[in-house]
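To start, the structure under review is shown below, and the notes come after it.
A short reminder: the numbers here are calculations on the coordinates, not readings from a lab. None of these values were measured; they are calculated from a predicted model. Positions of Cβ are backbone-derived with ideal geometry, glycine not excepted, and every protein chain shown enters the neighbour counts.
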Amino acid sequence: ADREQLHLEIGRLLLKTATAEELPDRTFSIAQHFMHAGRLITEAEERLRVASLTMRAAELAFAASAYGPAKAFLEFAAGLMPHGAWDTHYEMMVSLCSRLATACSLVGDVRGLTEWSDVVEAHARNLIDTKQVKLARIQGSISRADSMDAVERGLAFIKTLGVTIPHN
């Protein structure tokens, strides 16, 4: 508990003192301190700030092709979101859960890919908000060398857009 408290205080201090120019370079470090403090982040506003920060860290990890760390950052961010976040923070949840499905597909976590894709599809307000998880499912099929499933998923998505492609 003492170590968690120390990490929380360090994360808060680093976040508070980082300038706008320094923040991109410190995002990983700050996010990791908050991840080690996890359950001690209890205030709703801080939880949202930290979730947003760890989502930025995940994007930096994606850019570096570090999909495992990206997934870990996104899982942590998802755990910080409040109950009912799909109603109160819809855009953030679509982005977070869609990127998490993508990260799962890139690390071969089929169960996670399915779960997070299902979450997005269950809460999406429109078809466009599901496009990233549809692509993640296709990527997952390709990763598993299941090209027929990938093609079927792609065709099904295209059909939902109102485009018909002959099967021959």
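Between the Cα long axis of helix 131-143 and the first principal axis of the chain there is an angle of about 80°, rounded to the nearest 10. The angle separating the long axis of helix 44-63 from the principal Cα axis of greatest extent in the chain is about 60 degrees.
Note on the chain: lysine pairs with Cα distance below 28 Å, sequence gap of 8 or more or different chains, count 5. At an R0 of 35 angstrom, the distance between the Cβ atoms of residue 125 and residue 25 translates into a FRET efficiency of 0.45.
For the pair residue 65 and residue 142, a Förster radius of 22 Å applied to the C-beta separation gives a FRET efficiency near 0.85, rounded to the nearest 0.05. Reducing segment 108-168 and segment 1-75 to their Cα centroids gives an inter-centroid distance of 30 Å. Using the Cβ-Cβ distance between residue 1 and residue 88 with R0 set to 41 Å, the FRET efficiency from 1/(1 + (r/R0)^6) comes to roughly 0.85.
Over the alpha-carbon set of the chain, divide Rg by the Kirkwood Rh and report the Rg/Rh ratio to two decimals.
On the Cα set of the chain, Rg over Rh gives 1.05.
Each peptide in 87-100, 41-54, 6-19 was scored by the mean count of other Cβ atoms within 10 Å over its residues; highest first, the order is 87-100, 41-54, 6-19.
Among 28-34, 65-71, the peptide with the highest mean count of other Cβ atoms within 10 Å heads the list, and the full ranking is 28-34, 65-71. With both labels modelled 7 Å from their Cα along Cα-to-Cβ, the residue 159 to residue 9 distance reads 6.1 nm. Helix 147-160 axis versus longest C-alpha principal axis of the chain: approximately 90°, rounded to the nearest ten. For segment 130-168, applying the loop criterion from DSSP together with a ceiling of 15 other beta carbons within 10 Å to the trypsin sites (Lys or Arg not before Pro) yields 144. Ranking 79, 167, 108 by Cα position along the charge dipole of segment 44-168, where only Lys, Arg, Asp and Glu carry charges on their C-beta atoms, puts 167 farthest toward the positive end.
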